[in-house]
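Just below is one structure, and these are the notes that go with it.
We did not get these values from a lab; they are worked out from the coordinates using the rules stated. Here the structure is a predicted model, which is why all the values come from computation and not from measurement. With ideal geometry, Cβ positions are generated from the backbone for all residues, glycine too; neighbour counts draw on all protein chains shown.
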Amino acid sequence: ARPVVAIVGRPNVGKSTLFNRLAGKRIAIVEDKPGVTRDRIYAEAEWLNKYFTLIDTGGIEPDTEDIILSQMRRQAQIAIDTADVILFVVDGIEGLTSTDREVANMLRKSKKKVLLVCNKIDTPMTPDTIYEFYELGLGDPIAISASQGLGIGDLLDAVIELF
Ligand code: GDP
Ligand code: MG
């Protein structure tokens, strides 16, 4: 079977934008407000002749703060249960949040292969703010801009290296 790569992260960090970019087509729905991804979405993806199944675990994302954390835990658990590689997406503009820390703890304990993906780095110069994500203990953040298409090749290289 093809390896499964799951995308997890807080609402609005750019999971669906990244999913569409990696899938090479617009499948997931991207909106300016959280709460618009209708369901878990799957796509087949390929990089350098390696094929894998991609999952956007976004689901129906809540916009009430108190529900976000429980929903995030559920999404992370789905990824832990089904994925070979997890892309944990954080927001390089908003910076590190307590929800990021909670989810990172779950992912770290799972012993799954996790890549820490710092999205919304829209210029070639990586800002110093990216360094705060090192404290999550998930290795070097991989800087990307899902909307601008920056850093995607390096990310995919790192993904297929883990298969
Ligand atoms: P999701 O809720 O995690 O699936 O996030 P979406 O993919 O729906 O994106 C949420 C918002 O972030 C949308 O307004 C996107 O256009 C925006 N976004 C996604 N990727 C980037 C990026 O690389 N840079 C910037 N500046 N905005 C982005
Ligand atoms: Mg989404």
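List every residue whose amide H lies under 5 Å from the amide H of Ala143, counting only residues 5 or more places away in sequence or on a different chain, with H placed 1.01 Å from N in the peptide plane.
Answer set, sorted by chain and number: Cys118.
How high is the relative contact order of the range 4-161, in percent, counting Cα pairs under 8 Å that sit 6 or more residues apart?
Details: 305 pairs, mean separation 37.5, N = 158.
It comes to 24 percent, rounded to a whole number.
Starting from the 7 Å offset along Cα-to-Cβ, what nm value, one decimal, do you get for the label separation of Leu162 and Glu132?
Spacing of the two 7 Å Cα→Cβ label points: 2.4 nm.
Based solely on its DSSP helices, what 222 nm [θ] is calculated for the chain when runs of n ≥ 4 H residues each add -39,500 (n - 2.57) and the sum is averaged over all residues, nearest 500 deg cm²/dmol?
Details: 4 runs with 50 residues, N = 163.
Calculated from helices alone, the mean residue ellipticity at 222 nm is -9500 deg cm²/dmol.
Show me, for the range 18-23, the HN-Hα J-couplings you get by feeding each phi into the Karplus relation (A = 6.51, B = -1.76, C = 1.60, θ = phi - 60°), rounded to Hz, glycine and proline as x.
Residue by residue, the range 18-23 yields 5, 4, 4, 4, 6, 6 Hz.
Run the count for the chain, please: Lys pairs, Cα-Cα under 17 angstrom, 8 or more apart or on different chains.
Going through the chain pair by pair, I get 4.
Tell me, what HN-Hα J-couplings in whole Hz come from the Karplus equation 6.51 cos²θ - 1.76 cosθ + 1.60 at θ = phi - 60° for each residue of the range 153-162, using x for Gly and Pro?
Going residue by residue, I get x, 5, 4, 5, 4, 5, 5, 6, 5, 8 Hz, with x marking Gly and Pro.
Nearest-5 percent of antiparallel DSSP beta bridges in the chain? Could the numbers behind the result be given before it?
On the way: 8 of 26 bridges.
Of all bridge pairs located within the chain, approximately 30 percent are antiparallel.
Under the rule a/c < 1.5 gives rounded, and otherwise a/b versus b/c splits prolate from oblate, where does the chain land using the Cα gyration tensor?
Because its axes are fairly even, with a/c under 1.5, the chain counts as rounded.
Take each of the peptides 97-110, 75-88, average the number of other beta-carbon atoms within 10 Å over its residues, and list them starting from the highest.
75-88, 97-110
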